[in-house]
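Here the structure comes first, spelled out in structure tokens, and everything after it is commentary.
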Amino acid sequence: MIKNLSKLNYGIFLNIFDTLTDSIYIADHQGNTLWLNKTSENINGSRDQLIGKNVRDLEAAGFFNPSVIRLALEAGQDVSIVQTMKNGYKFLVTGHIIFDPRGEIELVIAHARDITESLRITSQLKEKDFLLKQYSDEIQRLRLNQKNDWTDKNFIGKSPSFLSLLDLVEKVSQVDTNVLITGETGVGKTFIAKRIHKLSKRYDQPFLQINCGSIPESLLESELFGYKKGAFTGANHSGKPGLVKMADKGTLFLDEIGELPLHLQSKILQLIQEKTYIPIGDSKWHSADVRIIAATNRNLEEMIEENKFRADLYYRLNILPLRVPSLMERQEDIYPLSHLFLNKFNHLYQKERFFDKETLDALQMYDWPGNIRQLENLIELLVITAKQEEISIDDFPENLKGMRPSKWNEPNPIEHTLPELVEQLEKTLIQQTYHKHQSTRKTAKSLGITQSSLIRRIQKYQLDLKTDSG
């Protein structure tokens with residue numbers, strides 16, 4: 001009955017689905033109906049009416065409103081909604097995406113549970129409030145997910161650390177408190193900040209961002225707070241509004257907050273506490289209703305001890321801390337992220353590249369010191385420079401071939417003496433820990449040895465690591 005499934009002898013599963021009181025509806029990657037169970041027939045119509053028909057056409061004909069399969073295909077991920085059928089019954093419906101081994105969408109399964117009676121036993125007021133909130137939240141998420149914006153689509157993954165982060169992001173977005181996002185370089189802190197804004201009540205207001213480490217200190221204050229006409233030589237004759245004013249009622253994202261000079265830290269603190277600021281050259285206080293989201297890959301607590309960061313500002317920002325896990329902490333997500341970026345750059349450069357198995361294994365096993373940004377950059381390079389449509393290890397850049405994952409280089413214990421195995425393990429631990437911390441001092445502390453002892457080992461094994469004083 002289902003051509004794509006019959007060769008795998010799925011008949012017994014279809015019989016099981018037919019015994020369920022929940023509705024099961026299966027479509028292919030284009031939305032064409034493949035099969036539905038008996039419960040779904042009772043809700044939607046007979047199999048003869050529906051099999052072979054596209055869900056978009058069935059939605060237009062009023063069989064379901066809206067089609068969760070269509071929404072899931074457009075979003076590229078699982079979607080849950082409250083769906084109204086043609087008989088007026090309401091169902092909680094989830095569209096589950098099923099991927100093939102290459103990471104392409106193969107099937108979408110819609111699972112529906114009747115909630116009509118549950119809604120009916122509540123008061124009319126509670127029902128309206130429930131539906132309004134359900135639809136409002138879903139519309140907001142659909143608007144976010146349906147945008148042709150690859151920054152939003154980076155939010156895929158099933159690892160526990162990633163799912164925990166997404167849950168926390170959703171909770172944080174519902175309140176208006178300041179947020180501090182921490183994590184290694186390249187983990188996606190900017191994506192998190194944008195996600196919080198787009199899921200918040202400020203979603204239709206400005207989201208402005210500034211990298212505190214990329215702008216000269218002499219210009220940073222004017223960029224943030226603006227200046228009055230004639231404030232200094234060379235200033236715009238009409239003055240200039242700063243990002244704080246332009247972000248009024250919206251969100252201001254301060255990336256690399258650890259690079260903010262101390263005298264500007266006090267002004268950000270004033271903005272957070274009193275919602276007021278003074279532009280350069282002005283003598284009057286201005287007000288701005290701005291939510292502050294800050295991000296850093298530095299240890300602000302250490303900077304406080306070194307008198308490089310204000311403790312009062314840190315505690316004001318750190319009310320809702322969010323730590324973004326490194327890619328090595330969410331290895332289960334490397335596979336879907338790799339295919340996400342492959343599809344992105346195939347579309348961008350009009351290619352039809354695909355990975356061979358060895359390449360996928362290599363991507364999965366590598367330690368990714370540059371995190372998601374490094375993975376994305378590598379796949380873009382591979383899509384552009386691969387010699388054939390099938391991407392292989394031979395297409396990797398030379399510098400990455402020289403940084404093969406430790407699992408590729410694991411020695412066979414039978415062929416090595418114990419001292420040789422110990423040395424190999426020591427070299428691997430030093431390399432992996434250094435790639436994580438990018439500092440000999442922090443690497444030594446993490447390994448439980450002195451910095452001088454670490455440097456001697458680096459020199460002994462002739463490791464290509466920067467032996468700086470930090």
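So which residues in region 18-52 are among the hydrophobic types (A, V, I, L, M, F, W, C) and modelled with pLDDT of 85 or more? Can you show your working first?
Quick first cut of region 18-52, residues among the hydrophobic types (A, V, I, L, M, F, W, C) only: 20, 24, 26-27, 34-36, 43, 50-51.
Answer for region 18-52, where residues must be among the hydrophobic types (A, V, I, L, M, F, W, C) and modelled with pLDDT of 85 or more: L20, I24, I26, A27, L34, W35, L36, L50, I51.
Only one entry in T190, T185, T251 is within 27 Å of L327 (Cβ to Cβ) and touching an Asp or Glu at 6+ places or on another chain (Cβ under 7 Å), namely T190.
Candidates I268, I292: the one that is at pLDDT 95 or above, closer than 16 Å to I192 by Cβ and among the β-branched types (V, I, T) is I292.
Look through L429, L421 and report the one residue that is modelled with pLDDT of 80 or more, surrounded by fewer than 16 Cβ atoms within 10 Å (Cβ to Cβ) and either touching an Asp or Glu at 6+ places or on another chain (Cβ under 7 Å) or not in a loop (DSSP other than H, G, I, E, B) (or both). First the steps, then the outcome.
Details: L421 fails: modelled with pLDDT of 80 or more.
L429 is the lone residue from the list that is modelled with pLDDT of 80 or more, surrounded by fewer than 16 Cβ atoms within 10 Å (Cβ to Cβ) and either touching an Asp or Glu at 6+ places or on another chain (Cβ under 7 Å) or not in a loop (DSSP other than H, G, I, E, B) (or both).
In region 182-216, of all residues being without any contact (Cβ under 8 Å) to a residue 12 or more places away in the chain and not hydrophobic (A, V, I, L, M, F, W, C), the one that is surrounded by the fewest Cβ atoms within 10 Å (Cβ to Cβ) corresponds to P216. The number of residues in region 335-370 being modelled with pLDDT of 90 or more and in contact with a Pro (Cβ under 6 Å, 6 or more places away or on another chain) comes to 0.
The listed residues are L381, L360, L313, and the only one of them that is crowded, with 20+ Cβ neighbours inside 10 Å and in a helix (DSSP H, G or I) turns out to be L313. Among (1) part of a strand (DSSP E or B); (2) more than 18 Å from the chain's Cα centre (by Cα), there is one condition L264 misses while meeting the rest; what is its number? Every listed condition holds for L264 apart from (1).
Go over the candidates N377, N371 one by one and state the one that is in contact with a Gly (Cβ under 6 Å, 6 or more places away or on another chain) and not hydroxyl-bearing (S, T, Y). Even if it seems obvious, please write down each step before you answer.
Working: N377 fails: in contact with a Gly (Cβ under 6 Å, 6 or more places away or on another chain).
Just a single option satisfies the conditions, and that option is N371.
Of the residues L208, L220, L180, which single one is modelled with pLDDT of 90 or more and part of a helix (DSSP H, G or I)? Before you say what the answer is, go through the steps one by one.
Details: L208 fails: part of a helix (DSSP H, G or I); L180 fails: part of a helix (DSSP H, G or I).
Checking each option against the conditions leaves just L220.
The values are calculated or read from the model by the stated rules, or taken from the named source; none is laboratory data. These figures come from a predicted structure and were not determined experimentally. Here Cβ is always computed from backbone atoms with ideal geometry, including for glycine, and neighbour counts include all displayed protein chains.
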